[in-house]
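Q: My questions will all concern the structure given below.
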Amino acid sequence: MKKIALVMLAFIATVSIYSCGGTSNPTETTSSPATPSKVTGDVVYKKTCITCHQTNGEGIPNTYPPLAKSDFIADKEKTIAQVIKGYSGELTVNGKKYNSAMPAQQLNDEEVAAVLTYVYGNFGNGGTTVTADEVKAVRGKI
């Protein structure tokens with residue numbers, strides 16, 4: 001019985017390897033190197049921001065402030081710094097007080113630029129663009 005189970009396990013493992021991106025010829029290679037995919041703001045937002053600020057950018061009342069139509073993000077440099085280093089304490093957004101913490105986000109300059117461009121371009125925020133160079137400059141100041 002153990003032999004049958006081991007044979008079945010080996011078979012399943014082999015099938016899994018080849019069906020999950022493996023090739024029928026293990027020595028086969030591609031002629032061009034893989035290029036890194038360009039980071040998109042919506043993907044970064046979904047990974048790092050959506051839990052607190054929600055799908056619609058409206059936050060969680062009395063807990064996490066909205067990004068939608070937010071007066072708080074009017075200062076681009078301050079907003080970039082907040083994403084990089086986080087924030088703790090009271091703040092006022094659109095006339096309402098919030099007192100919670102946002103941890104520093106572990107994002108590179110391109111990811112910060114992409115997610116903030118996404119936030120500024122959505123949720124009724126007017127469409128400001130943030131560049132990786134701007135993020136790098138702010139990172140150098142803090």
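Q: In region 65-77, which residues are farther than 15 Å from Val115 by Cα and not in a loop (DSSP other than H, G, I, E, B)?
A: Phe72, Ala74
Q: May I pose another question? From the set of residues in region 114-142 that are of a type in the set (A, V, I, L, M) and in contact with a Gly (Cβ under 8 Å, 6 or more places away or on another chain), which is surrounded by the most Cβ atoms within 10 Å (Cβ to Cβ)?
A: Checked region 114-142; the qualifying residue surrounded by the most Cβ atoms within 10 Å (Cβ to Cβ) is Leu116.
Q: Check whether at least one residue in region 109-123 is of a type in the set (D, E, K, R), on the phi > 0 side of the Ramachandran plot and at pLDDT 95 or above, and report yes or no.
A: Within region 109-123, none of the residues are of a type in the set (D, E, K, R), on the phi > 0 side of the Ramachandran plot and at pLDDT 95 or above.
Q: Of everything in region 53-91 that's over 23 Å from Val130 (Cα atoms) and among the β-branched types (Val, Ile, Thr), which residue is surrounded by the fewest Cβ atoms within 10 Å (Cβ to Cβ)?
A: Residue satisfying both the conditions and the ranking: Thr63.
Q: Continuing with this model, one more query. Among the candidates Lys69, Lys76, single out the residue that is farther than 25 Å from Lys136 by Cα and in contact (Cβ under 8 Å) with a residue 40 or more places away in the chain.
A: None of the others qualify; the one that does is Lys69.
Q: Would a scan of region 85-104 turn up a residue that is of a type outside the set (D, E, K, R) and under 13 Å from Tyr45 (Cα atoms)?
A: No, region 85-104 contains no residue that is of a type outside the set (D, E, K, R) and under 13 Å from Tyr45 (Cα atoms).
Q: Now for a separate question. Specify which of the listed residues (Asn56, Asn62, Asn94) is within 17 Å of the chain's Cα centre (by Cα) and over 18 Å from Ala113 (Cβ atoms). Before the answer, list the steps.
A: Working: Asn62 fails: within 17 Å of the chain's Cα centre (by Cα); Asn94 fails: within 17 Å of the chain's Cα centre (by Cα).
After applying the criteria, what remains is Asn56.
Q: Which members of region 92-124 meet the condition of being touching a Leu at 6+ places or on another chain (Cβ under 6 Å) and aliphatic (A, V, I, L, M)? Before you say what the answer is, go through the steps one by one.
A: Residues of region 92-124 touching a Leu at 6+ places or on another chain (Cβ under 6 Å): 98, 119, 123.
Val119, the sole residue that qualifies.
Q: Got at least one residue in region 88-109 being free of Cβ contacts under 8 Å to residues at least 24 places away in the same chain, part of a helix (DSSP H, G or I) and either under 15 Å from Thr48 (Cα atoms) or in contact with a Ser or Thr (Cβ under 8 Å, 6 or more places away or on another chain) (or both)?
A: Within region 88-109, none of the residues are free of Cβ contacts under 8 Å to residues at least 24 places away in the same chain, part of a helix (DSSP H, G or I) and either under 15 Å from Thr48 (Cα atoms) or in contact with a Ser or Thr (Cβ under 8 Å, 6 or more places away or on another chain) (or both).
The values are calculated or read from the model by the stated rules, or taken from the named source; none is laboratory data. Just so we're clear, the structure is a prediction, and the values are computed from it rather than from any experiment. Positions of Cβ are generated from backbone atoms using ideal geometry, with glycine treated the same way; all protein chains shown enter the neighbour counts.
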